[in-house]
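All remarks here apply to the structure that follows.
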Amino acid sequence: MVPKKYLSVFILLTSCFALWGLLNNMTDNLVPAFQRIFTMDQSRAGLVQVAFYGAYAVLAIFAAVLAEELSYRKGVLIGLAIYIAGALLYIPACIAQSFDIYFIAIFIVAGGCSLLETTCNPYVLSLGEQETAVRRLNFAQMFNPLGSMIGIVLAQQLILSHLNPTTAKERALMDAAARAEIISGELFWVCAPYVGLCAIAALIWLFFLFKREGETPTSRATLGRVAVALAFSVVPMTVLHFLFPEMNKIVWVLCGVAGPVLYVLLLKDYRAMLLTLLRTPRYWMGVVAQFFYVGVQIAAWTWLNVYCQKELGVTPADGAIYYTIAISLFIAARWIATFLMKYFNPARMMALFALGAILSCCGVMWLPTKVVFCCGRLPFSWNVVCLVSMSGFMSLMFPTIYGIALGGLDPKALKLGASGLIMAILGGAIITPWMADIIGNVNSVWCGLTSAFASEWDANLRLSQMSLRASFVVPAICFAVVGLYAVIFSKSNNRR
């Protein structure tokens, strides 16, 4: 799949896939961590995901401009540098014990990941023959869940295991000094893994800094276009953040996305690329499918820990073990699916997996919580088995949608097209709060689907069994969209 001359670049790129997978899954665990540390409700804790995946959407077009005007290599360099800057901002956030500073730091870290993901995916596609492009991307993407696994372990061992067991009610009764001391210790362990990863990011950065192959010097005009693209991406959000600090964060992200979109519309060459993309149904429908897929992946994994705590009565640290099992299944299924793509149509495989995921959602919503077996000290019920198995069905979806959507696309529009698929990661910032709104509202219309379950309010987790189960109608809807996309394009020639 990879010619020898590209092997070292490919290996370092796969390390970037692992890096953002690690960061994604550590961030998922920040939701229950911040909820306990700052004693906040589900919706406010869910702003972690709004910051992380909102940054992906806002900076994806800027990443495409970097790749188009400069090179994939320079896009990787800038992405790693932004990550390092954001991770170092965790230090003042820890000292100030400020969720607002963490919100900004998470946004910057995710901005670096957005640049990496927008440039690394098409970079991998370009490292060899077009006939093996989708297989090559699936292979590189296999290291993403390995990074995710490391992220879960780090979150469990360094973040969740160091959370103080005091409840929200007990913290409210403490004096300010005692509460601040507890929070300080907890936030130190939130900070440590993100800052520590800067060393690894710096090593990768140095490799790509000296890996110059046939690049032409950058002109001032090109640097000017890049600077203008950055201004359109960053300035509107910065102004809105300081002028309207109480603005709904989802609205804030959507306003931020408008800036880079306007930049594309104003420039003739980028506008022509956009029109090419909009005239390609397989592409723009792929963006829609990717929006719902990323949304369901992030939302389902964000609330997996909380679901296990509520249904089985386990601790947050034990809940992370179920998460580890789910990611292990995700990894194994992706490896198997990548192998099977040599023999079966990827789109048809994805349609079958989407159906399995929908059935898993039904089990999560309606199967009773009766322990049927134990694995070590961990109990398992059939509804939790369905929750974990959902990750296996999700395994091939992201790279397969990506490969199908970009397959046969005009090379001139490829980089902007890649940014659109990364912008679709905005789904993580939209779908996760949608689930949170259902979880935190026993009067939600969706709760009628699970009215047979207990509606008593859990003051510690800030939810009810009925509302928590009802929220999994959202993943079912998302998987249905992915399945529909797979069925529509199942006859395309995507066996690569």
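The values are calculated or read from the model by the stated rules, or taken from the named source; none is laboratory data. Every value quoted in this text rests on a predicted model; they were computed, and no experiment measured them. FYI the Cβ positions are ideal-geometry reconstructions off the backbone, even for glycines, and counts take in every protein chain you see.
General observations
- Checked against (1) under 30 Å from Ala413 (Cα atoms); (2) in contact with a Gly (Cβ under 9 Å, 6 or more places away or on another chain), Gln309 passes all but condition (1).
- Any chance Ala357 is at pLDDT 95 or above, crowded, with 24+ Cβ neighbours inside 10 Å and assigned to a helix (DSSP H, G or I): yes
- Within segment 88-127, the set of residues being closer than 25 Å to Ala140 by Cβ, of a type in the set (Gly, Ala, Ser) and crowded, with 23+ Cβ neighbours inside 10 Å comprises Ala110, Gly111, Gly112, Ser114.
For (1) out of contact with any Ser or Thr (no Cβ under 9 Å at 6 or more places or on another chain); (2) under 14 Å from Gly428 (Cα atoms), each residue gets a yes or a no:
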residue: Leu7; (1), (2): yes, no
residue: Phe10; (1), (2): yes, no
residue: Pro32; (1), (2): no, no
residue: Ile37; (1), (2): yes, no
residue: Asp41; (1), (2): yes, no
residue: Val50; (1), (2): no, yes
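- Residue in segment 1-31 that is nearest to Ile84 (Cα to Cα), counting only those that are at pLDDT below 80 and polar (S, T, N, Q): Asn24
- Residue within segment 286-306 that is more than 18 Å from Ala64 (Cβ to Cβ), touching a Phe, Trp or Tyr at 6+ places or on another chain (Cβ under 7 Å), hydroxyl-bearing (Ser, Thr, Tyr) and part of a helix (DSSP H, G or I) present: yes
- Identity of the residue in segment 447-496, farther than 30 Å from Tyr283 by Cα and among the aromatic types (Phe, Trp, Tyr), that ends up surrounded by the fewest Cβ atoms within 10 Å (Cβ to Cβ): Trp457
- Residue within segment 254-277 that is in contact with a helix residue (DSSP H, G or I) (Cβ under 9 Å, 6 or more places away or on another chain), of a type in the set (Asp, Glu) and closer than 19 Å to Gly151 by Cα present: no
- Filtering segment 222-280 to residues that are out of contact with any Gly (no Cβ under 8 Å at 6 or more places or on another chain), of a type in the set (Ser, Thr, Tyr), in contact (Cβ under 8 Å) with a residue 24 or more places away in the chain and part of a helix (DSSP H, G or I) leaves Thr222, Tyr263, Tyr270, Thr276.
- The listed residue being in contact with a strand residue (DSSP E or B) (Cβ under 8 Å, 6 or more places away or on another chain) and farther than 19 Å from Leu158 by Cβ, out of Val296, Val288, Val306: Val306
Residue-wise test of (1) in contact with a Ser or Thr (Cβ under 9 Å, 6 or more places away or on another chain); (2) within 29 Å of Leu329 (Cβ to Cβ); (3) at pLDDT below 90.
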site	(1), (2), (3)
Tyr83	no, yes, no
Ile101	no, no, no
Ile108	no, no, no
Glu117	no, yes, yes
Gly128	no, no, yes
Asn144	yes, yes, yes
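- Looking only at residues of segment 425-444 that are in a helix (DSSP H, G or I) and not aliphatic (A, V, I, L, M), we find that the one that is surrounded by the fewest Cβ atoms within 10 Å (Cβ to Cβ) is Asp437.
- Verdict on Ser419 being without any contact (Cβ under 8 Å) to a residue 40 or more places away in the chain, part of a helix (DSSP H, G or I) and surrounded by 24 or more Cβ atoms within 10 Å (Cβ to Cβ): no
- Subset tally (residues that are among the aromatic types (Phe, Trp, Tyr) and more than 22 Å from the chain's Cα centre (by Cα)) for segment 186-204: 1
Each row is one residue, and each column tells you yes or no for (1) within 20 Å of the chain's Cα centre (by Cα); (2) crowded, with 22+ Cβ neighbours inside 10 Å.
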position: Val288; (1), (2): yes, no
position: Gly295; (1), (2): yes, yes
position: Ala299; (1), (2): yes, yes
position: Cys308; (1), (2): no, yes
position: Ala317; (1), (2): no, no
position: Ile327; (1), (2): yes, yes
position: Ala333; (1), (2): yes, no
position: Gly363; (1), (2): no, no
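- Any pair with Cβ under 6 angstrom, 6 or more apart, that starts in segment 360-372 at a residue that is in contact (Cβ under 8 Å) with a residue 12 or more places away in the chain and ends at one that is among the charged types (D, E, K, R): Met365/Arg469; Thr369/Glu311
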